Structures are given as C-alpha cells and as structure tokens.
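Note sheet for the following structure.
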Amino acid sequence: MIIGIPKEIKDNEYRVAAPPAGVRELTRHGHRVLVERGAGMGSGFADEEYAAAGAELLTDAAQVWGEAEMVVKVKEPLPSEYGHLRAELILFTYLHLAASEPLTLALLNSGVTGIAYETVEDAQGRLPLLQPMSEVAGRMATQVAAHYLQKPEGGRGILMGGVPGVRPAHVIVIGAGTVGMHAAQVALGMGAQVTLFDINLERLRYLDEVMRGRLATQYSNQTNIAEAVTHADAVIGAVLVPGARAPRLVTREMVASMPKGSVIVDVAVDQGGCVETTRATTHSAPTYYEEGVLHYGVANMPGAVPRTSSFALSNATLRYILRVADMGVSAALASDAGLAKGLNVAGGGIHYPAVAEAFGLPLVS
C-alpha cells in the first residue's frame, strides 16, 4: 500500500503521525511511504532520518495526498485540506466528528473512508489509540493550570502546592478516566488539594485505593459540581463519551460562581467541551476570560510536547496502521471488531452511531 504522511497544519501543531522508526516498520513490510518534507521537524525528526528509514520525501503536500492510498495524520483535516479528500482514500487520524458538522459533511461529500483513532477499541472495550494522548493531555492540564494560576499569567496568584501555613490550590477534576486520573496524579504530586468527580463509583473506589486516600472523590451530579466549583482555584474538564459530543456539566452560572482569576482547563474541548463557556483556542492564543475566569481551550494540547507525543502516538497506532496496510481496509475491519469501531465514515455514509446522532443524519448499518 502507498501510505502518505503530510505535515500537520493546525496552529502550532508540531506532532507527526509516525517517527522514522515507524516508517522503517512500514517499509519493512513492503509498503511505500511518502513523507512531506519537514513533516517531522517540529518533533525533532530530520528529513534525512526519514530517507534513511526508506521513506520517499515529497515537497508538495498535494502530491502526498494525491498519490497515497492511505493518509495517516495526527489531527483532523482542516478546510484547506478538504480538497484532498476523495472516495478512493483511507484517512486514519483523530477525527472528533461529533464536534464538527462542517468536517463531517466534507468527509461525507468526498466519499473518503475515515477511521478515527479515538473510537478504535481493544478487546476490553478500552480506547487504545486515544489513551496515549489522554495521558499526555492529562499531565499537561495540571501543568497548564499551575502556570495560569500565576498572577503575571492572569490567574489568582496561587501556588499549586502552597507553603507551610498557607493552603494549597484546590483543583477540581471532572472525569476519572485516563485524562482525569493523570491530571489528578500530577496535581497531587505538586501538593494540591484534589477533588475528583465521576459517575462510575467503582472507578472512584479504585482510584481512592491506589492513591491511598490522598484525593477526595465525589459522585458527579450538578449539585455536587456546583457546590465544589465555588471554592475551586482550578477546574480540569476530563469528560469523555466515546465518539460523541461531551456533555456540558459546568454551566455558565457555575462558572460565574467561581473565584475571579481561577482557571478552567477543558481537555474535552476536542469533543465540544464539558464547560458551557468553553470554546476552542490555539497554542498561539490559548486563553480568554468568561465571567472573570481564565479559560484554556487548546484543542491539541499534546502538540506542545511533540516529541514525547509523536513517540507515544506511534507506539499505539502503528500496529493498526500495519493491519490496514497489510490486509487492506475491508479485510482489516472484518478481522478486528475493535478496529471496525474506528470506522466513522465511508462511501458517503456515517458508520458510527454517536456521529449520526449528533447531527440527526442516517446511520449506515
């Protein structure tokens, strides 16, 4: 198969879909790999490393898209890339379609086969291709909150861990999945007081046990969240409904009740955000204020640590990319029910229920 790796063009997105080691595995399996020149530079991978791994380097992104049978990316196509989509193409990347009707319609109109990293499942029903970026984003979320709590950055002037005689920051984490767990771990490591919310009591029991009671856990409902945010220094949104739009659990009224200069980091922004006042931002303009509260809504947080993120992503995605390339997309999907869950669109139809539901469009059964 001919596999294309174009350079990411999202604002300050420095990740690449595969490092040279991943390309070497693809070429070792007999596949032809086209890499746009400079695609790996943001992650510290030189063109010469890709050439040594067996890639063909192309200067023109359109040529990479045009010659490839499967394009492997990190982030969803932007409008300037919609023209590259076509019915014969397999697109394997993060799509987050339920949060973007224009992208969904562009994929449908093109007839492209779109497989979304974030909805691929393993045998246990986990999301193996979302997990590595969730780990990165969760750890980053606490670092970001600590940074913006500083007064020169627009926050309240709170030190995350406090000092003897002065209380630490109170961090609310909504969602106890991979993002929330890692955000809570880092916040605890920095000395913060942490309250973790979720609707899964077994998950809360497990995290309470493994973290030896160092964090407080609460059942997630509007009353409990509303009460907690009134004295929060930072709120980290870590809610995920696979493939669907994130539920808005923090209302504008709740945001208005938070201390002025407190910080919201909504990691769920890729799926529309779990805070009513959240809107997507970029690394070049990451923050804004609503109701006197600083909001951070960067939709590609792991792009700020691209070398770590590119390695972590490829560690998870490579075996699935190889399966599709080695077997062909139809046979690969038929052989792996979890990979088949990644199929969001194909032939102008929607194949993932949550995406169809989000826009009231028919589902291909």
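Throughout, read-outs are computed from the coordinates displayed, never taken from laboratory work. In this text the structure is predicted, and so the values were computed from the model without any measurement. Backbone-built Cβ (ideal geometry, glycine too); neighbour counts: all protein chains shown.
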For segment 124-129, what does the Karplus curve 6.51 cos²θ - 1.76 cosθ + 1.60, with θ = phi - 60°, yield as ³J(HN,Hα) per residue in whole Hz, taken in order and with x for Gly and Pro?
8, x, 7, 10, x, 8
Would you pull out the residues with amide H under 5 Å of A299's amide H, same chain only if 5 or more places away, H placed 1.01 Å from N?
T281
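Ignoring everything except DSSP H segments at least 4 long, calculate the 222 nm mean residue ellipticity for the chain; use -39,500 (n - 2.57) per segment, divide by total residues, nearest 500. Kindly include the intermediate steps, with their values, before the conclusion.
Details: 13 runs with 126 residues, N = 365.
Per the formula, -10000 deg cm²/dmol.
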Which residues' amide hydrogens lie under 5 Å from the amide hydrogen of A169, considering only partners 5 or more residues apart or on another chain, with H built in the peptide plane?
G161, G162, Q193
Burial-style ranking of 141-150, 91-100, average other-beta-carbon count within 10 Å with highest first, yields 91-100, 141-150
Can you order the peptides 230-241, 253-264 by their average number of other Cβ atoms within 10 Å per residue, highest first?
230-241, 253-264
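Which peptide among 317-330, 206-219 comes first, and what is the full order, when sorted by highest mean count of other Cβ atoms within 10 Å?
Values: 317-330: 18.4, 206-219: 14.4.
Sorting 317-330, 206-219 by mean packing, highest first, produces 317-330, 206-219.
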Roughly what angle does helix 131-148 make with the longest principal axis of the chain, taking Cα atoms, 0 to 90 degrees, to the nearest 10?
40
Estimated distance in nm for a label pair at D326 and A123, the labels positioned 7 Å out from Cα along Cα-to-Cβ
1.6
Karplus 3J(HN,Hα) series, Hz, for segment 290-303 with 6.51 cos²θ - 1.76 cosθ + 1.60 (x for Gly, Pro)
9, 6, x, 10, 6, 10, 10, x, 5, 7, 9, 3, x, x
What's log10 of I(q)/I(0) for segment 134-304 at q = 0.12, 0.20 Å⁻¹, Debye sum over Cα points only, no solvent?
-0.45, -1.39
Under 5 Å from the placed amide H of I350, counting only residues 5+ away or on other chains, we find V364
Using the Karplus curve 6.51 cos²θ - 1.76 cosθ + 1.60 with θ = phi - 60°, what ³J(HN,Hα) values do you get for each residue of segment 42-59, in whole Hz, with x for Gly and Pro?
x, 9, x, 9, 7, 4, 4, 5, 5, 4, 5, 7, x, 6, 9, 8, 10, 7
Which residue, A226, A123, A53, has the most motion in a Gaussian network model of the chain that connects Cα atoms within less than 10 Å?
A123
Just to be sure I understand the model, the point goes 7 Å from the Cα along the line to the Cβ. What's the resulting R319 to R214 distance in nm?
3.0
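Just the number, please: percent antiparallel of the DSSP beta bridges in the chain, rounded to the nearest 5. Can you show the working numbers first?
Values: 10 of 49 bridges.
Of the beta bridges lying entirely in the chain, close to 20 percent run antiparallel.
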